Amino acid sequence: MAVFNTKFPSLLAGTTSNSKKPHNHKFRHLQISNCSLSYTPPSTTYSSNSSPFTEKHSVERYQRDNWLYSKDSSFDNTTCCSLPVDPNYIRNEDIALQLPELKKLLQVLREKREGEDGNGFSNKGPGNVFLVGTGPGDPELLTLKALRAIETADLLLYDRLVSNDVLNLVRQDARFLYVGKTAGYHSRTQEEIHELLLSFAEAGANVVRLKGGDPLVFGRGGEEMDFLQQQGIQVKVIPGITAASGIAAELGIPLTHRGVANSVRFLTGHSRKGGTDPLFVAENAADQDCTLVVYMGLSTLPSLAQKLMRQGLPPDTPAVAVERGTTPQQRMVFAELHDLVDKVTSAELLSPTLIVIGKVVALSPLWPLSSKAVMMAET
């Protein structure tokens, strides 16, 4: 085994009728302490070096979405101890803080649209929604078509796994809205994302929905496209390099190879309601001539590996788990399938981690590797 560190709904949705008046937007920097919550200056919160992506309460997120928050409110540090340490409460507070500016932008877009014909009514149809894939993290993997769409957007709704380096390519006056999801914290539900896309498209805006990887590969882009099309909104899909392709190329792993693997299969490692069992692993997933690529499978890997071996996949099948692939923070664990879980646990890999299982892994120039040593290398 080796671990490498390489360079490589409506706008009211989410609020509740009995919500208290929102605290100042600086509550985003509240951290759990002995008191309950305490204020931490932005400069010491969530260093950008810790993750290449937009984490839920990171400095990068709130700097990027700064237009959504009132600039004249004041933070009352004396009230922080009374705030409940509840992700849903924080989520609802955040949404409540954003609502005034979102409504204001909607009104501006509607007035602009209605004023174009001079009589207060517009014959123009709704705006467009672009579902844009941004690749696995390396900004140089972004397509030219995606970049053009981003440059013309009135509003960009972006996920957690759109890398900071990609977002840094967007013009400075662009309006961002974070709608990312992590385990235990959804900044917006999927239904709320649908309603946001619909509301702004109906107001005539060009809305760009940014997703990591490819929007139609485990990205729920199909659900958003289906919902909007049923409402009469035109949706344009701009594909991105999915993590399987981008990360395999980074490691020199051919997903198919004559005489070694004649097919490739993408699996979701997600479980229902945060369980440890993957949703579904078909018996034919253990085909030795097929390369398996598992997305979002870190938490369910122990169960997945056992199921594959029980269904006939040899325990010595080469495998690799790749954390934050194609970014400067990329880390990899190579191991045979029967050892993979222990090695991944020992390396303490974090989400997002992509898992590739199959004989083609041994074709990587980084394989074979000693299972007795942990090698750290930076390129």
### Task
Within the stretch 177-219, work out how many residues are under 19 Å from Gln229 (Cβ atoms) and polar (S, T, N, Q).
3
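Say we look at the stretch 172-189 and pick out the residues that are polar (S, T, N, Q) and open to solvent by 10 Å² or more (accessible area, probe 1.4 Å); which of these is nearest to Gly135 (Cα to Cα)? Walk me through how you get there before you give the answer.
Residues of the stretch 172-189 polar (S, T, N, Q): 172, 182, 187, 189.
Next, only the ones that are open to solvent by 10 Å² or more (accessible area, probe 1.4 Å) stay: 172, 182, 189.
Values: Gln172: 21, Thr182: 18, Thr189: 23 Å.
By that ranking, first place goes to Thr182.
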### Task
Report, by residue number, each residue of the stretch 229-243 that is among the polar types (S, T, N, Q) and either out of contact with any Phe, Trp or Tyr (no Cβ under 9 Å at 6 or more places or on another chain) or under 11 Å from Val129 (Cα atoms) (or both).
Gln229, Gln230, Gln231, Gln234
### Query
Within the stretch 136-155, is there a residue that is open to solvent by less than 10 Å² (accessible area, probe 1.4 Å), at pLDDT below 95, outside any strand (DSSP E or B) and hydroxyl-bearing (Ser, Thr, Tyr)?
no
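So if I check each of Glu202, Glu192, which one is acidic (Asp, Glu), under 20 Å from the mean Cα position of the chain (by Cα) and more than 19 Å from Gly269 (Cα to Cα)?
Glu192
In the stretch 102-109, is there at least one residue being touching a strand residue (DSSP E or B) at 6+ places or on another chain (Cβ under 6 Å) and either modelled with pLDDT under 90 or under 21 Å from Ile193 (Cα atoms) (or both)?
No, the stretch 102-109 contains no residue that is touching a strand residue (DSSP E or B) at 6+ places or on another chain (Cβ under 6 Å) and either modelled with pLDDT under 90 or under 21 Å from Ile193 (Cα atoms) (or both).
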### Task
Among the numbered conditions (1) closer than 21 Å to Val235 by Cβ; (2) open to solvent by 30 Å² or more (accessible area, probe 1.4 Å), tell me where Leu169 comes up short.
(1)
### Task
Check the stretch 346-355 and report whether any residue there is touching a strand residue (DSSP E or B) at 6+ places or on another chain (Cβ under 9 Å), buried (at least 17 other Cβ atoms within 10 Å of the Cβ), more than 22 Å from Asp214 (Cα to Cα) and modelled with pLDDT of 95 or more.
yes
### Query
So which residues in the stretch 202-223 are buried (at least 24 other Cβ atoms within 10 Å of the Cβ) and either of a type in the set (A, V, I, L, M, F, W, C) or farther than 24 Å from Glu151 by Cβ (or both), if there are any at all?
Ala205, Val207, Val208, Leu210
### Task
Would you be able to tell me the number of residues in the stretch 277-306 that are open to solvent by 40 Å² or more (accessible area, probe 1.4 Å) and either at pLDDT 90 or above or hydroxyl-bearing (Ser, Thr, Tyr) (or both)?
8
### Query
Of all residues in the stretch 162-174, which are of a type in the set (A, V, I, L, M, F, W, C) and either assigned to a strand (DSSP E or B) or within 12 Å of Arg61 (Cα to Cα) (or both)?
Val162, Leu167
### Task
From the list Asp94, Asp65, pick out the single residue that is modelled with pLDDT of 65 or more, surrounded by 13 or more Cβ atoms within 10 Å (Cβ to Cβ) and either on the phi > 0 side of the Ramachandran plot or in contact with a strand residue (DSSP E or B) (Cβ under 6 Å, 6 or more places away or on another chain) (or both).
Asp65
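Restricting attention to the stretch 341-363, which residues are part of a helix (DSSP H, G or I) and in contact with a helix residue (DSSP H, G or I) (Cβ under 7 Å, 6 or more places away or on another chain)? So that I can check it myself, show each step before the final result.
Quick first cut of the stretch 341-363, residues part of a helix (DSSP H, G or I) only: 341-347, 359-363.
Passing the criteria: Val341, Val344.
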### Message
Restricting to the stretch 233-261, and then to whatever is surrounded by fewer than 18 Cβ atoms within 10 Å (Cβ to Cβ), part of a loop (DSSP other than H, G, I, E, B) and at pLDDT 95 or above, can you tell me which residue is farthest from the chain's Cα centre (by Cα)?
### Response
Gly259
### Task
Sort out which residues of the stretch 300-329 are under 17 Å from Glu348 (Cα atoms), assigned to a loop (DSSP other than H, G, I, E, B) and among the small types (Gly, Ala, Ser), and write them in order of number.
Gly325
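The values are calculated or read from the model by the stated rules, or taken from the named source; none is laboratory data. Just so you know, these numbers come straight off a predicted model, no measurement behind them. Cβ: placed from backbone, ideal geometry, glycine included. Neighbour counts: every protein chain shown. Accessible surface is based on the protein model in full, side chains and every heavy atom, while ligands, DNA and RNA are left aside. Shrake-Rupley method; radii C 1.70, N 1.55, O 1.52, S 1.80 Å.
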